[in-house]
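Below is one structure, written out as structure tokens; the observations come after it.
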Amino acid sequence: MSENESGVSGLGWFLAGLGIGALVGVLYAPKSGRETRDELASSARDAREKAMGYVDQGKEQLGEYVERGKEYYEKGRTQWSDYVEKGKNFVQDQQSRVASAVDAGKQAFTQAQQSVQQGVEGVNQSQS
């Protein structure tokens, strides 16, 4: 059972016990009605203060969870941005390498073509 569930369950049992105790106290109290009402009002105030304490504690804990969630989100977003940037850089590097290889291939082809053409011209001149 998680901490939140036990806290809510504990609050429920506390309030149930408070109500039962107040009822039994009223039935068996050797006090006057005014004194009993004053004690019940005091018990109700105490219960309200404790309940508000639980509410404040829950709000504080929820705020901590929200902050932690924001931190995890920001960390994940930053990491994701870094990965995307690294991917873009990798693609650009590969594009540059491919473009360089294509240019080198074109130059080699042009040189080979010129060599063949010069060879053909040399053969034609020697036959003439």
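Picking from Lys86, Lys75, Lys50, which residue would you name as being at negative phi and touching a residue at least 24 places away in the same chain (Cβ under 8 Å)? Don't jump to the end; show me each part of the working.
Details: Lys86 fails: touching a residue at least 24 places away in the same chain (Cβ under 8 Å); Lys75 fails: touching a residue at least 24 places away in the same chain (Cβ under 8 Å).
From the options Lys86, Lys75, Lys50, the qualifying one is Lys50.
I want to confirm something. Restricting to segment 46-57 and keeping residues that are under 15 Å from Gly21 (Cβ atoms) and modelled with pLDDT of 90 or more, which single residue is surrounded by the fewest Cβ atoms within 10 Å (Cβ to Cβ)? Can you show your working first?
Within segment 46-57, the first condition is being under 15 Å from Gly21 (Cβ atoms), and the residues that meet it are 46-47, 50.
Still in the running and modelled with pLDDT of 90 or more: 46, 50.
Working: Asp46: 11, Lys50: 14.
My answer is Asp46.
The values are calculated or read from the model by the stated rules, or taken from the named source; none is laboratory data. If you're wondering where the values come from, they're calculated on a predicted model, not measured in any experiment. All Cβ positions, even for glycine, are placed from backbone atoms using ideal geometry, and neighbour counts span all protein chains on display.
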